[in-house]
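These notes are about the structure you will find just below.
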Amino acid sequence: MSPSFYITTPLYYVNDRPHIGSAYTTLIADIIAMYHRMKGDDVYFLTGTDEHGQKVQQAAEKNGISPREHCDLYAARFRELWSYFNLSNDDFIRTTEERHVRVVQTVLRKLYDEGQIYKDTYDGWYSVADELFISEKDYQEGKYRDVRRISESNYYFRMSDYRERLIRHIQEHPDFIAPENRRNEILGFLKQPLKDLCISRPKERLSWGIELPFDDQYVTYVWFDALLNYITAPGYLQDAEKFDRYWPAVHLIGKDILTTHCVYWPAMLMAAGLPLPAKIFAHGWWTSEGQKMSKSLGNFIDLDTIREHCERVGKDMYRYFMAKEGPLQNDSDFSRERFYQTYNSDLANDFGNLVNRIFKLIGKFYEGKIPTPAKFSPDEEALKANAEQCRVKVFEYLQELNVNALTAEILRYVSSLNRYLEIKEPWKLAKNDTAAAGTVLYAALAGLRFSAALLYPLLPEKMREFFAMLNTGEAPGSVLEWDTLPAGVQLQEMIALFPRFDLSLLESSAQ
Ligand code: ME8
């Protein structure tokens, strides 16, 4: 049986439309899932929407519709965007689904019966906007918005019991939280005593949530509910075989939700007697044109802006740019100049040019048929060996979820093919030694086909078009060997996969 690989994105709140941030995490997760499938793994890729809580209730009220109608509307927007991007997710979970409500209530009941959940009165500060109970210190520092004094009876989960076990787990599993800066952040956070977690909200204040199975006057705190989706989807309490096959997961998240995923969630799993996640990777933040994204600054990259960019240079470019330049370790800035310049340099110039040169020469000198190579010289052997090395590195970077380095590695190989052609000059060679020129063109095309296969998760539509032009009948992404290119195949007519984008067009448009 092939090894399994389970990857998740955060479940996005339905109080906002998708934007560059949600698209980023989701596309990176898709890319990672596709590479694992290419490797032969049995992949389960999950995304979805987080639909309970105060913010959703308020957003629905503002729009004059019921919370359920509101959720349906917004969940559909997320689904629509993911289908636009040809997302390869295996499941889309909504926290309002029956299968999830059942899991949340069963886990709550178990923890309550075991005494891991108790009732207490909270007297202190509460941020309505952030749905958080906050400390006196945070209140004094003015860190939160819309803060009120409240006195309220609630249910608490004995999270403090798990602090030491969690620290030990993080120390014994260096890859559990990545990148390193986030791991250190959590270890720093755990130096202080850990508080118990309030896991309920009284219905009189918030009704849009999952009712506590042991007190119908309360609903479940949205985070306690939402995190459990990661075990609901692969079949916890419903399909033991499926659950054992896929759990634990790799969680891809943004740095904003580090504590909930690296502290609350592992503590919940320990309490439920389940294995901890395989890895939690918290990436950095996108800024826009050098500033924090905001609607009032007019630099907010929402769904419409994303589509506008995609219409100009193809939706694959969005994925490619997210992977190449996205904020894995630190933050990254999305600037239109950088986006279109990357397109022109990597895709129109490096990759596009290579296709153009090889296809034209084979068309001109070999009637469009892939030439049969003569004996390879050390130069062709080097191209082959470098391809092998490139593949090894790509899968090593995949292991670290380093899609920035992975993308750069493939591009380096593409550039080396262009350099090879410039040195060999097959356009001159073909005039008096067609056999030698044929070997050069075969080797270059073998390299191009190999890089196209590796680029498939980053540029799926375009690479499918490339393989159709190559006409070997091979599925893109299936070809990871350099030297299996069949000679004699009639190439299809070349189409320009990545036409150059005229940067002067940007000056006349706002986005
Ligand atoms: O937090 N740059 O949902 P959410 C990069 N429902 N990534 C960004 C980003 C930016 N500027 N803005 C958002 C929630 N993100 C909870 C999660 S999980 C059980 C519950 C991405 O809709 C990033 O992945 O606020 C971040 O973690 C996520 O969107 C937050 O999505």
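The values are calculated or read from the model by the stated rules, or taken from the named source; none is laboratory data. Keep in mind the model is a prediction, meaning the values are calculated, not measured. So basically every Cβ, Gly included, is an ideal-geometry build from the backbone, and we count neighbours across all protein chains shown. Quick note on the areas: whole protein, heavy atoms, side chains included, nothing else; ligands and nucleic acids left out. Shrake-Rupley method; radii C 1.70, N 1.55, O 1.52, S 1.80 Å.
Criterion first (under 19 Å from the mean Cα position of the chain (by Cα) and within 16 Å of the ligand (Cβ to nearest atom)) does ILE199 satisfy it?
no
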inquiry  = For a quick check of your reading of the model, give me the residue pairs whose first member lies in the stretch 63-89 and is closer than 25 Å to TYR318 by Cα and open to solvent by less than 40 Å² (accessible area, probe 1.4 Å), whose second is part of a helix (DSSP H, G or I) and of a type in the set (Asp, Glu), with beta-carbon atoms closer than 6 Å and at least 6 apart or on different chains.
reply    = LEU87/ASP30; SER88/ASP30
query = Which of the following residues is modelled with pLDDT under 95 and surrounded by fewer than 19 Cβ atoms within 10 Å (Cβ to Cβ): SER345, SER335?
reply = SER335
remark   = Scanning the stretch 41-70 residue by residue, those under 30 Å from ALA278 (Cβ atoms) and either in a strand (DSSP E or B) or more than 12 Å from the ligand (Cβ to nearest atom) (or both) turn out to be ASP41, ASP42, VAL43, TYR44, PHE45, LEU46, THR47, GLY48, THR49, ASP50
request  = Sort through LEU459, LEU491, LEU454, LEU470 and tell me the only one that's under 21 Å from ARG419 (Cα atoms), hydrophobic (A, V, I, L, M, F, W, C) and open to solvent by less than 30 Å² (accessible area, probe 1.4 Å).
outcome  = LEU454
message = If a residue must be more than 14 Å from the ligand (Cβ to nearest atom), under 26 Å from the mean Cα position of the chain (by Cα), open to solvent by 10 Å² or more (accessible area, probe 1.4 Å) and under 16 Å from THR95 (Cβ atoms), how many such residues does the stretch 215-242 contain?
response = 1
ask   = Which ones in the stretch 242-291 are in contact with a Leu (Cβ under 9 Å, 6 or more places away or on another chain) and polar (S, T, N, Q)?
value = THR260, SER288, GLN291
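With in contact with a Pro (Cβ under 7 Å, 6 or more places away or on another chain), of a type in the set (A, V, I, L, M) and in a helix (DSSP H, G or I) as the only criterion, which of LEU354, LEU347, LEU361 stands out? Please lay out each step first, then the result.
Numbers: LEU354 fails: in contact with a Pro (Cβ under 7 Å, 6 or more places away or on another chain); LEU347 fails: in contact with a Pro (Cβ under 7 Å, 6 or more places away or on another chain).
Going through LEU354, LEU347, LEU361 in turn, the sole match is LEU361.
Just give me the residues in the stretch 378-418 being among the aliphatic types (A, V, I, L, M) and more than 15 Å from LEU328 (Cβ to Cβ), in sequence order. Let's see the steps before the verdict.
Of the stretch 378-418, the ones among the aliphatic types (A, V, I, L, M) are 382-383, 385, 387, 392, 394, 398, 401, 403, 405-406, 408, 410-411, 414, 417.
The answer is ALA382, LEU383, ALA385, ALA387, VAL392, VAL394, ILE410, LEU411, VAL414, LEU417.
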ask   = Taking the condition modelled with pLDDT of 95 or more, in a strand (DSSP E or B) and either near the ligand (Cβ under 9 Å from one of its atoms) or within 17 Å of the chain's Cα centre (by Cα) (or both), does TYR12 pass?
value = yes
request  = Please find, within the stretch 103-152, the residue that is surrounded by the most Cβ atoms within 10 Å (Cβ to Cβ) out of those that are in contact (Cβ under 8 Å) with a residue 24 or more places away in the chain and aromatic (Phe, Trp, Tyr).
outcome  = TYR126
